[in-house]
Amino acid sequence: MTINMMITRFVDVTNLVYVPKTLKAASAEAADYEWMRVNDNAHICKHGNKTYPLLLKETEGKLEIACGCEAWQYAHDNDGCKHVAAFLKLSNPPQKPIPEEIARELMAAGWTGGRGNLHPPEGTSDPDGEDNEGSDPTPVDPPKREPVPSPGGGGAIKRIIEEAEGLGAIEVDAAYVDEKLAKLRMFKVVGSEAERSVVSGILRAQGIKRPKGQGGRTTNQLLTVDRIDAADVWCNIRVKVTQLWDSDKDSIRQIGLVGDETGVMKFVSWEKADLQMIEADKCYSIENVVTNEYDGRFSVAFTKNTKIAGIEEDIVVGFTTSEYSGHMVQIQNGSGLIKRCAICNRAMQHGTCKEHGTAKNIQDLRIKAVLDNGVTTKNILLNRERTEALTGITMDAAIAMAREALDAGVVSEQIEAMLLMKEYEVSGQDMGDTILVESISEVNAAVTKEEIEALLKEV
């Protein structure tokens, strides 16, 4: 049994949004969920061999909730997962106490207190998803648990000793390391998580402070995107910024995509790192980034240890093109008529740029949406040109609509009324969970009178 501890965000339950697929899954699986109480503000949802913590808190009279499942990690700010949907339908809070097995696993993950009143480690319930100790994980991408290694664990022992000694430890005993790994395996803590825990224990025992932020394996290597194939590795990259995304999280300074000749990957720059801003379409040499991985996709995080320098080289980025079809189940916030900062081009929130304040703005038109094919979901992003072509709403028309209604939100509402629940086929640059749409067409769309007349003329 594995408990996913990656709590990244709390959401006001009054603002939760569920796609039909999520509600259907919650309804179908609810009878199979086993609910248990950890404390008044923490509960456990057990489904088969998977176990997830649900954390609750009250902020200014509002109830906020968070889940430890993968869907919650990968969702957008106000999206709800099936476990939270099922939890909110319970008539009474769970009262069944957690068994000793789950209590032991929680304590191994850093929870403190007695079995009947355990509390999550500091930082786990951080609503901004920041890790208060060690490296800064990228949001919504939890580290992948590796298979339980063989009892010998020779490779892991060697890596642990090398890393600990590289950080100043002396006379690290292989038998001691093996014993610590064996104990962690009892609690299903394995792979890079176990190695990091043992190294930290060795350093503490010898009174050595790990350099702040250096929570993973360190290397001075310059890596291309295709060579980043493990989590928790500190490395250097030379990349071009291909996309900068909007984020309303105060903890995130910048988020987007960077790439080189071998591919693209996501990056996040933390606000607390206080690094310089990077610009779209510019190239950089970036030292001391830490890698992360989720579902086979790798990303990097910029921390206080990261150094950024602009370079003159024009890096040609290699993109992957993919196709996807599904029903448009959600038009996301930030769609329709938006304002961008005239200095950095990032979308403004309530007329303010996160970096430049109340700067001069330029207007733009776009669609951020979610497609669902019944098995998976995919985020899609349409720029102004493709938004105008799909909806027939030009920039001038959108501005006129907003002025007449005294509300720019009317444009997004009109787009939603036109597109929601229709089936579309898209193709474009595949960025993992998002496709930057280059072409989009409605599946089984009705043939218009004009199209029929044009066909008849050809005949």
*How would you order 426-432, 347-353 from highest to lowest mean count of nearby Cβ atoms within 10 Å?*
426-432, 347-353
*Between Glu355 and Ala175, what FRET efficiency follows from the Cβ-Cβ distance if R0 is 51 Å, with the result rounded to 0.05?*
0.45
*Order of Asp12, Asp32 from fewest to most other C-beta atoms within 10 Å?*
Asp32, Asp12
*Near the amide H of Gly428, under 5 Å away, which other amide H atoms are found, from residues 5 or more places off or on another chain, if H is placed in the peptide plane?*
Ser322, Glu438
*From the backbone phi of the range 434-441, what are the Karplus-calculated ³J(HN,Hα) couplings (6.51 cos²θ - 1.76 cosθ + 1.60, θ = phi - 60°) in whole Hz, Gly and Pro given as x?*
10, 10, 7, 5, 9, 8, 8, 8
*Exposure proxy check: Val225, Val316 ranked by fewest other beta carbons within 10 Å?*
Val316, Val225
*Net charge dipole size for the range 254-307 [Lys, Arg +1 and Asp, Glu -1 on Cβ; Debye, nearest 20]*: 180
*Spin-label point model (7 Å from Cα, Cβ direction): what's the Asp433 to Glu450 distance in nm?*
3.8
_For Ala342, distant residues with modelled amide H under 5 Å away_ = Lys360, Asn361, Ile362
*Could you pull out every residue, at least 5 positions away or on a different chain, whose amide H is within less than 5 Å of the one on Gln332? Hs are placed 1.01 Å off N in the peptide plane, and Pro or chain starts have none.*
Lys368, Ala369, Val370
*Roughly how many nanometres apart are two label points built 7 Å out from the Cα toward the Cβ at Asp281 and Arg185?*
5.4
*asked:* Can you compute 3J(HN,Hα) from phi for each residue in the range 159-165, using the Karplus curve 6.51 cos²θ - 1.76 cosθ + 1.60 with θ = phi - 60°, rounded to whole Hz and x for Gly and Pro?
replied: 5, 5, 4, 4, 5, 4, 5
*Would you mind ranking Glu425, Glu453 by Cβ crowding within 10 Å, fewest neighbours first?*
Glu453, Glu425
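Just so you know, all these numbers are worked out from the coordinates, no wet-lab data involved. Here the structure is a predicted model, which means the values were calculated and not measured. As a convention, Cβ positions derive from the backbone with ideal geometry for all residues, glycine included, and neighbour counts pool all protein chains shown.
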